[in-house]
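Presented below is the structure to which this report refers.
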Amino acid sequence: MTSKKPTRSSKPARNPRQHETGKGSPGRPGPTRAKRGTAAAPPIEIDAAALPPLGMPAAEFLRDYWQKKPLLIRNAFPGFVSPIEPEDLAGLACEEAALSRLVTLERASTPEGRDRWLLQHGPFEEAMFPGMPHQDWTLLVQDVDKWDADIAVLLEAFAFLPRWRIDDVMVSFAAPGGSVGAHVDQYDVFLLQAQGHRRWQVDAAPNPPLEFRDDVELKLLREFHPSHDWVLGPGDMLYLPPGVPHHGVAEDACLTFSIGMRAPSAAELLGDFVDTLSADADEALRYRDPDLAPARDAGEIDADAMNRVVEALNVLRMNDPDRLGDWFGRFITIYRAAGEVMPSGDERSRIEIEWDLQHGGTLWRHPWSRMAWRRSQGKSRGARLYVSGQDYALPVRDAQRIANASMLDGPGYASLSEVGRDRVFELLGAGHYRLQLDDGEEE
């Protein structure tokens, strides 16, 4: 596989276009009979050709599958043609700013031995790829949607989910036999087959074993007992809730797109929450005991003391929903950010930029810029816009339009209120937008 360097683009381009273990005929699961008086269980495999990408209304998918059970979706993207080639991915893996990994499987030489898994982190040398073996390795690159506009377009198919919940599109190339081993993810993921064929095995049984091997750097499962076994081709997609053991192996040279969710752990939420509380805390708020009685035992921390500790901590709690919402909006729009938005250094005046917008110019959001918005819960009827860890007060309509638009043209910019246009100009100066002129050149 020879590599070619990718080019960053902030302008969207074109829209991209089994078998199962168990009873039944080859390639299809056996029939399931529902007990009288009970509803049939939702199927674990569906053909979505008539209603892509889920084969059902989004509300039905969220009710029956989301964070509940896996779903194999045949023809989620009928006739799908990958917008990138393996050579593009290899070129991206050579970039300093790209997050890439290479997983190589060294098969055991005897039946009694254990396979070895080797993990390397990029960036990689371009000259390395032509000499790679013909089997048993996988190249993975994170955040490809931030580098390739055609990949970013795929996310429009997942608009039934909150945009701030979607983390990135990771793309993997696997040579035949390539894999990253049997493992679990702690977040929801959609695995879209883009090129070639990959065999996916899933353990959908309740309470599967989740102990990890201690002889590899990767978090691989010590035991894996698949309940389902499928081969996916281009356009097929597998949805997996958090905690479901799975194992993917390339049947031939293949590309797989992994649309992963942002799911901070409780420890991560608590850590950032406590940091925010302590940073904003008034030094005058302290442990108090005006009702102190003579100590029965001077060395004892008694129940009354612990009640006062709880009271002292409760004073710091964010009982105000707007304070709590602002904390979470800032946190989630910067959480797991792999790239940083930097000021562009453009010294052009606002009058010049607005003139360009009136004459066909467009403002494209920076690929690394994350935005979300929230209605204010207090007496104010306004909203807050969250941009990569910062928050701004705006009218609801402005916050909604700015957060949901990857591009603002002249009419879109003009439709904002004065304060909304002020905010966009401020964000442009901070690097969250790039001005593209009518002739296609960027300023």
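Derivation of every value follows stated rules applied to the coordinates shown; laboratory data play no part. Small disclaimer: the values here were computed from a predicted structure and weren't measured. Please note: Cβ atoms are built from the backbone with ideal geometry, for glycine as well, and neighbour counts cover all protein chains shown.
Annotations
- Here the peptides 341-347, 279-285 are ranked by packing, the mean other Cβ count within 10 Å, and the order with the highest first is 341-347, 279-285.
- Fewest-first ranking of 110, 104, 138, using other Cβ atoms within 10 Å as the exposure measure: 110, 104, 138
- Taking packing as the residue-averaged number of other Cβ atoms within 10 angstrom, the listed peptides 247-258, 292-303, 125-136 run from highest to lowest as 247-258, 125-136, 292-303.
- The candidate values were (1) 132; (2) 248; (3) 200; the one computed from these coordinates for volume of the Cα convex hull per residue in Å³ carries the label (2).
- Annotation: the residues 364, 147, sorted from fewest to most other C-beta atoms within 10 Å of their own C-beta, follow the order 364, 147.
- A simple rule links phi to the HN-Hα coupling: the Karplus curve 6.51 cos²θ - 1.76 cosθ + 1.60 with θ = phi - 60°, which for region 220-225 gives 9, 6, 5, 10, 8, 10 Hz, with x for Gly and Pro.
- Nearby aspartates and glutamates by direct alpha-carbon distance to residue 146 (threshold 12 angstrom, same-chain neighbours under 8 apart not counted): 167, 168, 340
- This ranking places 323, 288, 384 by how few other beta-carbon atoms lie within 10 Å of each, fewest first, which gives 288, 323, 384.
- For region 45-261: rounded, prolate or oblate by the Cα gyration tensor [a/c cutoff 1.5]: oblate
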